[in-house]
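Contents: one structure, followed by commentary.
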Amino acid sequence: MKYLIKLFSLMLSVSGMLFAQNLKFIAMSDSRGSDLGVNKKVLSTLVEHMVKTQPDAKFVLFAGDLVDGSKTNPDQTVKELMNWKEVMSPIYNNPNMVWPKIWVVVGNHEVQHPKDEENFRKIFPDVFLNGPEDEKGISYSFDYEKHHFVFVTSDRWYYGKPNDSTDDKRDWHYIKNLDWLENDLKEARERGVSDIFVTSHEPAFPIGGHLRDGLPNLGLKLKLPLDSTRQWYLNQRNEFLRILKAYKVTAYICGHEHLYGRESVDGIYQIVAGSSGAPLYYFNPKYDEPKNPEHEFTYEEAVPYYQTLNYFYGTGENSQASKDFVGVRAFEYVVFDVKKNKVDVTTYGAFPKEKTNTVLGSEVKIIDKFIIKK
Ligand SMILES: [Fe+2]
């Protein structure tokens with residue numbers, strides 16, 4: 001009898017492995033703040049809530065701008081990233097999650113100095129080294145069971161001519177290695193993966209103050225027709241979207257906008273998981289940093305951006321890209337429960353204290369729930 005029970009439980013676990021389809025994972029982004037580069041209170045609160053309430057989640061994706069970073073002192077950025085890892089330790093120490101527990105991609109705040117990328121690779125060595133030649137360890141992909149995940153950087157450093165550091169500069173706001181991405185997704189589909197999730201820092205459809213510099217990088221004071229540089233950025237973004245669509249990507253997960261927002265545009269689901277502590281913005285065309293009034297758009301100024309970016313937009317303020325747009329101005333994390341024919345998405349968030357954009361003003365609770373059909 002004892003052997004029969006053992007045999008039965010072995011059969012159950014083998015069949016569980018064979019037919020395992022479901023996967024639960026979590027997305028977060030943008031936790032920069034003033035406690036050694038991190039908004040410690042907000043990030044810790046979200047992490048504690050997640051560890052307590054999502055015991056079956058396998059890992060966390062983090063879509064960049066972990067910390068403030070520094071333009072002049074790369075050692076400061078290193079200290080901040082080490083501090084971030086400390087704040088995230090309840091996840092790193094969570095025995096329910098699988099290696100490496102948190103998958104990261106850089107944001108623009110992690111790439112402000114020529115030494116930053118190399119330092120980032122050293123701090124986060126647990127990634128696959130299958131990315132493009134010039135982005136190894138920064139862009140990468142992997143399969144988890146039948147699910148394919150791609151992390152591709154939208155913010156890098158341009159090293160210019162060898163031995164000429166005067167040519168070095170930041171190189172942000174676009175996906176550079178689109179051939180690598182397309183080939184990666186093509187091979188994934190040929191392997192028969194059940195779904196594909198792509199993560200990068202910058203949104204293809206900005207929802208807040210970054211109308212000027214998400215992936216399209218159109219700049220302030222939009223001039224039409226676009227000059228050749230702006231047109232090139234727009235072409236890169238449009239080609240990126242074409243690739244996501246061609247390989248039926250289940251969701252594009254990003255941050256950069258310090259807001260939560262989700263929408264489908266032309267068959268692509270974009271999910272902005274954009275504040276796990278970074279100062280909350282407002283939805284476009286409004287911007288919330290009074291120190292930067294030049295970043296404010298009026299609705300009339302925003303309309304040419306909507307048109308150029310191929311948004312649906314309505315009349316009045318806070319018009320958004322898609323008919324199914326839902327946005328919440330809250331700190332949040334997003335739970336993806338991937339099933340055979342659909343993904344159940346549940347977003348947990350906390351609202352800011354009145355008249356603040358960095359301080360918690362409520363408990364963490366469900367702020368959105370929707371289904372992505374596969
Ligand atoms: Fe950013």
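List of remarks:
- Hey, SER319 at pLDDT 85 or above and surrounded by 13 or more Cβ atoms within 10 Å (Cβ to Cβ) or not: no
- Any hit, segment 150-170, residues being crowded, with 21+ Cβ neighbours inside 10 Å, at pLDDT 95 or above, away from the ligand (no atom under 16 Å from the Cβ) and of a type outside the set (D, E, K, R): yes
- If you filter segment 52-66 down to residues that are more than 19 Å from PHE149 (Cα to Cα) and surrounded by fewer than 24 Cβ atoms within 10 Å (Cβ to Cβ), you find that the one that is farthest from the ligand (Cβ to nearest atom) is PRO55.
- Subset of segment 190-234 [of a type in the set (Asp, Glu) and within 16 Å of the ligand (Cβ to nearest atom)]: GLU202, ASP213
- Evaluating HIS258 against the criteria (1) more than 24 Å from VAL106 (Cβ to Cβ); (2) under 17 Å from the mean Cα position of the chain (by Cα) leaves one unmet condition, (1).
- Pairs, first part of a strand (DSSP E or B) in segment 156-170, second at pLDDT below 90 and among the small types (Gly, Ala, Ser), C-beta under 8 Å, six or more apart: LYS169/GLY160
- Against the conditions (1) touching a helix residue (DSSP H, G or I) at 6+ places or on another chain (Cβ under 9 Å); (2) crowded, with 16+ Cβ neighbours inside 10 Å; (3) part of a loop (DSSP other than H, G, I, E, B), ASN96 satisfies every one except (2).
- For segment 140-155, residues that are touching a Gly at 6+ places or on another chain (Cβ under 8 Å) and in a strand (DSSP E or B) total 3.
- Residue within segment 132-139 that is within 23 Å of HIS258 (Cα to Cα) and in a loop (DSSP other than H, G, I, E, B) present: yes
- Flag if VAL364 is modelled with pLDDT of 95 or more and under 30 Å from GLN54 (Cα atoms): yes
- Annotation: of all residues in segment 78-120 being within 24 Å of ASP164 (Cβ to Cβ) and among the polar types (S, T, N, Q), the one that is farthest from the ligand (Cβ to nearest atom) is ASN119.
- Residue satisfying condition, being at pLDDT 95 or above and not β-branched (Val, Ile, Thr), within set LEU4, LEU23: LEU23
The values are calculated or read from the model by the stated rules, or taken from the named source; none is laboratory data. Note that the structure is a prediction, hence the values are computed from the model and not measured. Neighbour counts are summed over all protein chains in view; Cβ atoms, including those assigned to glycine, are modelled from backbone coordinates with ideal geometry.
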